[in-house]
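Engineer: One structure, pasted below without further comment.
The values are calculated or read from the model by the stated rules, or taken from the named source; none is laboratory data. Note that the coordinates shown come from a computational prediction; the quantities given were computed from them, not determined experimentally. With ideal geometry, Cβ positions are generated from the backbone for all residues, glycine too; neighbour counts draw on all protein chains shown. Note: areas computed on protein heavy atoms with side chains; ligands, DNA, RNA excluded. Shrake-Rupley method; radii C 1.70, N 1.55, O 1.52, S 1.80 Å.
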Amino acid sequence: MQSGNTFDDFSFSIALVNYKTPEVTKLCLELLHKALDVNKVPVWVVDNDSKDDSLAYLKSLDWIKLIERTPVANEHGFMAHGRALDMILERVDTDYLLLLHTDTLIYDVTVIKRMLEQLSKNQKAAAIGCFEQVNRTRLQTMWRVAIRAVKYYFRRLKVALGISTRDPRLFYEIYLKSFCTLWNVGVIRQHQMSFAMVERIPGYEMQDRLRELGYDFLSIPPRQMFKYLDHIEAGTVAHVRGLAKNHKRVKNYQAIMNKTKKL
C-alpha cells in the first residue's frame, strides 16, 4: 500500500454500490480511507436495501456520503446497480467519477492517479478502465478467446443457414468493466446520458452511444491493472458459502481476503 498520494491537480469523486457484502465492503473502504485524503476526495456509497450488517457499518462512517436507496419492484440486479450509480452521478460536482465495486480492493492508489492523468490528457476520451475484470495469464486469455471465437463463428454460420441458435456473441471484450472505471462527468452530462439508460449492464449503452459520437475509451491492460488491486467479483462472494472449502473460487476468495487483512 502506498499512502500519501496527493491528487491536488484533479477533481474526482468515488462511487460504490453496496448490496449485502459486509466483509468486502468494509475492507474496500478501509483501504481507501488509509490511502486517500477523504476530506478532499468525496466517497459516495449507495446501499441498495441490504438490510444486513453492511448497512449498519456504513451508517457508522462519518466520512462517506451515504445514500439509502429503495429498490424498484421486480428490477434486475444490474439495473438496481445502474440506478444507484445514477443517484450518485446526479449529486457529484467533480470533473471525474471513479466507479468501484465494493469487492475491488485497491492496494496502491497510483492506479487512480495514472487513470486521472491519462483521461485528462485526452479530450475525446469519455472513460478509462479495463476490458477484463479477472486477471488471467496470457495463455488463459488466448485459450479463452480461441474457444469463444469458435462459438462465435459457428453460431454465425448457423444463422446464415437459417438454423435456430443463440445470438453470436463477440469473442473479445469491447466494454470497460465497472469494477474500476474512471468517467469524465462533463461528457456524460453534455450528452444527457446515464448508467442505467436501458435494460443492459450499467454503462454499456452509454459506451455504445458515446463511441458513435466519436469518443474514445482508454484501457489499461489487466496485467498492469492488477498490480495495484484485486477484484474478487460479486459472483464469487455470493457463491462462496454454497461451495466446498477446496473449491477454486473459495480458495481464491480466502487468499485475497487474508492478503488484504494483513495490510
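Engineer: Determine how large the accessible area of His81 is when every protein chain is in place; take a 1.4 Å probe and give Å² rounded to the nearest 10.
Structural biologist: So the heavy atoms of His81 present about 40 Å² to solvent.
Engineer: With 25 Å as the limit, write out which pairs from Lys34/Lys65; Lys34/Lys113; Lys59/Lys227; Lys34/Lys124 have Cα-Cα distances beyond it, or answer none.
Structural biologist: On the way: Lys34/Lys65 17 Å; Lys34/Lys113 16 Å; Lys59/Lys227 32 Å; Lys34/Lys124 33 Å.
As for pairs spanning more than 25 Å Cα to Cα, those are Lys59/Lys227; Lys34/Lys124.
Engineer: OK, next. Please compute one quarter of the surface area of the Cα convex hull for segment 7-147 and express it in square nanometres. Provide the component values of the computation, followed by the final result.
Structural biologist: Values: hull surface 43.1 nm².
One quarter of the hull surface, i.e. the mean projection, equals 10.8 nm².
Engineer: Sticking with this structure for a sec: With each label point set 7 Å from Cα along the Cα-Cβ vector, what nm distance links Thr94 and Thr110?
Structural biologist: 2.1 nm
Engineer: Could I ask something else about it? On the protein heavy atoms, probe 1.4 angstrom, tell me the percent of accessible surface of segment 1-80 carried by carbon and sulfur.
Structural biologist: Values: 1880 of 4090 Å².
Whole-percent figure for carbon plus sulfur exposure: 46.
Engineer: Given the protein chains as shown and a 1.4 Å probe, how many square angstrom of Cys180 are accessible, to the nearest 10?
Structural biologist: 0 Å²
Engineer: In whole Hz, what ³J(HN,Hα) sequence does segment 37-45 give by Karplus (6.51, -1.76, 1.60; θ = phi - 60°), x for Gly and Pro?
Structural biologist: With coefficients 6.51, -1.76 and 1.60, one gets 8, 6, 6, 10, 10, x, 10, 9, 10 Hz.
Engineer: Given 10 Å bins starting at zero, what is the percent of C-alpha pairs of segment 76-143 in each, up to the one with the largest pair distance?
Structural biologist: P(r) over segment 76-143, rounded to whole percents: 14, 38, 38, 10, 1.
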